[in-house]
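Asker: So that we are looking at the same thing, I have put the structure below in structure tokens.
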Amino acid sequence: MAFDTLAPPLASPDRATTRMEKFVIEGGYPLSGTIAAAGNKNAALPALAACLLTEEDVVLRNVPRIKDVEAMLGLLSGIGVSVEWRDENVVALNAANAQPHDVDRALADLIRASFLLAGPLLARFGTADMPPPGGDVIGRRRLDPHLDAFISLGAQVTLDRSDGYRLRAAGGLKPCDFFLDEPSVMATENALMAAARTPGSSVIHNAASEPHVQDLARLLLQMGARIEGIGSNVIVVHGQERLGGADYTIGADYIEVASFAALAAVTGGELRIKDVVQEDLRMTALVFERLGCRFEFDGNDLVVPADQELRVRNDAGDAIAKIEDGPWPAFPADLTSIALALATQSDGMVLIHEKMFENRLFFVDKLINMGARVILCDPHRAVVAGPRRLHGERMESPDIRAGMAMLIAALCADGTSEIGNVRQIDRGYERIDERLRALGARIERVATQPVPA
């Protein structure tokens, strides 16, 4: 594994000791200045897995340096992929010597995206043995759409509850026309990659169409596949016997862009976010405006004006406003936690309805302890009444987006907060403490006692 001096190789967790860290945050300071959007984590992970589809070099640019990317690179290196960081956010991969065996169980347990290796391995080698994927505990996350897609393409699937999933296509995959029973992002990505190296035309109905799915499709186009319907829920993949290399730039992370916009709004600062994709932020703009957070576009930059009066805009007839998530182009599920934290500082009442994951809202007790007025109606719905002056507290981050919601709350709160288990935040946000300090935040990363990983 040819990691350069920019970052050491990620050791397998079963052979390592993890350095535990926390953030210590002094709230009440406006975040102002200019920041560049990092690459989309959810686009980078499938793009890294796609290197397995070819024996040629794949160079990916604007790859975020986050824990989930490290884990994926560790998985790829473990099955024989050559990995080289050529610049701070540029990684080159070559899978000519890859082998479809010994996928590291400990690394797979760190990220849900580990299962994205299944489609490329199955298409190229006709076999894949996949341990159960890990990732955020935000509710039940089905693998059935992935397996149904592989079966439709001609694979045999065997489940061993102790060892994971055994996938076989001895005679190779066959093109087909199939319907996903839910528009799962990762299942669509696995199906896209598998179909791209299956000669013939495959049709994916009820496909996910998020920006990161579109990014993967455009990478596969550059590698030689022909794909119709990018951005829609019906994708036609004209697969090839062989795929070539690519040099591809990952798009900006619209979830991170929205997170920084919320941070600026609750702290009262003026923020310019460079190099965003305006098309990816249409629904976010509508929802944030409902909470009183307005932003505008200046070319490819997003600008959050200073000292906005955050006020909830009620629905027609003075009904309580509602924010709900859904498949793209609806409001992203990954932003419900961010919207909830923003709502604690908006004047009015709003219902947050998280339809997709039943554990996503369970972090709200942390915000309640800080002084937020939130009623958790059930696992999917919370009523937020604001604005509330929050105060510093000690907290633990249960997942990536809840961790960012806690950061938003801590940075606008009175006094000092501590957020533990910051590895969860590091999984999705690159050098978040350094970048926030550059905007005026009082935040420090402090080591705590090391524990066995």
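Asker: Only one of Ala402, Ala410 is of a type in the set (Gly, Ala, Ser), more than 15 Å from the chain's Cα centre (by Cα) and not in a loop (DSSP other than H, G, I, E, B); which?
Answerer: Being of a type in the set (Gly, Ala, Ser), more than 15 Å from the chain's Cα centre (by Cα) and not in a loop (DSSP other than H, G, I, E, B) holds for just one of Ala402, Ala410, which is Ala410.
Asker: Quick one: is Leu263 aliphatic (A, V, I, L, M) and outside any strand (DSSP E or B)?
Answerer: Spelling it out, Leu263 is indeed aliphatic (A, V, I, L, M) and outside any strand (DSSP E or B).
Asker: I've got another one for you. Please go through region 419-443 and pick out each residue that is more than 26 Å from Ala113 (Cβ to Cβ) and either out of contact with any Phe, Trp or Tyr (no Cβ under 7 Å at 6 or more places or on another chain) or aromatic (Phe, Trp, Tyr) (or both).
Answerer: Hits for region 419-443 are Arg437, Ala438, Leu439.
Asker: Could I ask something else about it? Of all residues in region 40-75, which are open to solvent by 10 Å² or more (accessible area, probe 1.4 Å) and either in contact with a Ser or Thr (Cβ under 6 Å, 6 or more places away or on another chain) or β-branched (Val, Ile, Thr) (or both)?
Answerer: If the condition is that a residue be open to solvent by 10 Å² or more (accessible area, probe 1.4 Å) and either in contact with a Ser or Thr (Cβ under 6 Å, 6 or more places away or on another chain) or β-branched (Val, Ile, Thr) (or both), then Val59, Arg61, Asn62 are the ones that fit.
Asker: Is it the case that His391 is at pLDDT 95 or above and over 26 Å from Val24 (Cα atoms)?
Answerer: Judged against the criteria, His391 is not a match.
Asker: If I ask for residues that are among the β-branched types (Val, Ile, Thr) and surrounded by fewer than 18 Cβ atoms within 10 Å (Cβ to Cβ), which ones from region 278-296 would you list?
Answerer: none
Asker: If you check Glu256 against the conditions, is it acidic (Asp, Glu), open to solvent by 50 Å² or more (accessible area, probe 1.4 Å) and farther than 19 Å from Gly386 by Cβ?
Answerer: For Glu256, the condition - acidic (Asp, Glu), open to solvent by 50 Å² or more (accessible area, probe 1.4 Å) and farther than 19 Å from Gly386 by Cβ - is not met.
Asker: Please note which strands (runs of 3 or more DSSP E) are completely contained in region 113-210 and include at least 2 residues that are touching a helix residue (DSSP H, G or I) at 6+ places or on another chain (Cβ under 9 Å) and at positive phi.
Answerer: none
Asker: For region 104-122, how many residues are touching a Gly at 6+ places or on another chain (Cβ under 8 Å), hydrophobic (A, V, I, L, M, F, W, C) and either open to solvent by 10 Å² or more (accessible area, probe 1.4 Å) or farther than 14 Å from Ile79 by Cβ (or both)?
Answerer: Residues that pass the stated criteria total 3.
Asker: Taking region 380-419, which residues are of a type in the set (A, V, I, L, M, F, W, C), open to solvent by less than 20 Å² (accessible area, probe 1.4 Å) and farther than 19 Å from Glu309 by Cα?
Answerer: Ala382, Met395, Ile400, Ala402, Met404, Ala405, Met406, Leu407, Ala410, Ile419, listed by residue number.
Asker: Looking at (1) out of contact with any Asp or Glu (no Cβ under 8 Å at 6 or more places or on another chain); (2) among the basic types (Lys, Arg); (3) farther than 17 Å from Ala123 by Cα; (4) not in a helix (DSSP H, G or I), can you tell me which one Arg218 breaks?
Answerer: Arg218 satisfies all of (1) out of contact with any Asp or Glu (no Cβ under 8 Å at 6 or more places or on another chain); (2) among the basic types (Lys, Arg); (3) farther than 17 Å from Ala123 by Cα; (4) not in a helix (DSSP H, G or I) except (4).
Asker: Against the definition (in contact with a His (Cβ under 9 Å, 6 or more places away or on another chain) and aromatic (Phe, Trp, Tyr)), how does Phe150 come out, yes or no?
Answerer: Judged against the criteria, Phe150 is not a match.
The rows are residues; the columns are (1) in contact with a strand residue (DSSP E or B) (Cβ under 6 Å, 6 or more places away or on another chain); (2) open to solvent by 10 Å² or more (accessible area, probe 1.4 Å); (3) over 30 Å from Ser32 (Cα atoms); (4) not hydrophobic (A, V, I, L, M, F, W, C).
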| residue | (1), (2), (3), (4) |
| --- | --- |
| Pro183 | no, yes, yes, yes |
| Leu192 | no, no, yes, no |
| Ala195 | yes, no, yes, no |
| Pro199 | yes, yes, yes, yes |
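Asker: If you don't mind, there's one more thing I want to ask. State whether one or more residues within region 386-397 are closer than 23 Å to Arg437 by Cα, touching a Ser or Thr at 6+ places or on another chain (Cβ under 6 Å) and part of a helix (DSSP H, G or I).
Answerer: Among the residues of region 386-397, not one is closer than 23 Å to Arg437 by Cα, touching a Ser or Thr at 6+ places or on another chain (Cβ under 6 Å) and part of a helix (DSSP H, G or I), which makes the answer no.
Asker: Further question on the same structure: Just to verify a result, which residue in region 347-383, among those that are aliphatic (A, V, I, L, M) and over 25 Å from the mean Cα position of the chain (by Cα), is farthest from Ala330 (Cα to Cα)?
Answerer: In this case the residue turns out to be Met370.
Asker: Identify the single condition in (1) closer than 14 Å to Tyr165 by Cβ; (2) in a loop (DSSP other than H, G, I, E, B); (3) in contact with a Gly (Cβ under 8 Å, 6 or more places away or on another chain) that Asn97 does not satisfy, given that it satisfies every other one.
Answerer: (1)
Asker: Here are Gly134, Gly126, Gly154, Gly164: which of them is small (Gly, Ala, Ser), within 21 Å of the chain's Cα centre (by Cα) and either open to solvent by less than 20 Å² (accessible area, probe 1.4 Å) or farther than 24 Å from Asp109 by Cβ (or both)?
Answerer: After applying the criteria, what remains is Gly134.
Asker: Give the residues of region 420-440 that are part of a loop (DSSP other than H, G, I, E, B), within 17 Å of Ala37 (Cβ to Cβ), of a type outside the set (Ser, Thr, Tyr) and open to solvent by less than 30 Å² (accessible area, probe 1.4 Å), sorted by residue number.
Answerer: Across region 420-440, the qualifying residues are Gly428, Glu430, Leu439.
The values are calculated or read from the model by the stated rules, or taken from the named source; none is laboratory data. These numbers were taken from a predicted model, which means no experiment stands behind them. Neighbour counts run over all protein chains shown; Cβ positions are idealised from the backbone, glycine included. These accessible areas exclude ligands, DNA and RNA; they are computed on the full protein's heavy atoms, side chains included. Shrake-Rupley method; radii C 1.70, N 1.55, O 1.52, S 1.80 Å.
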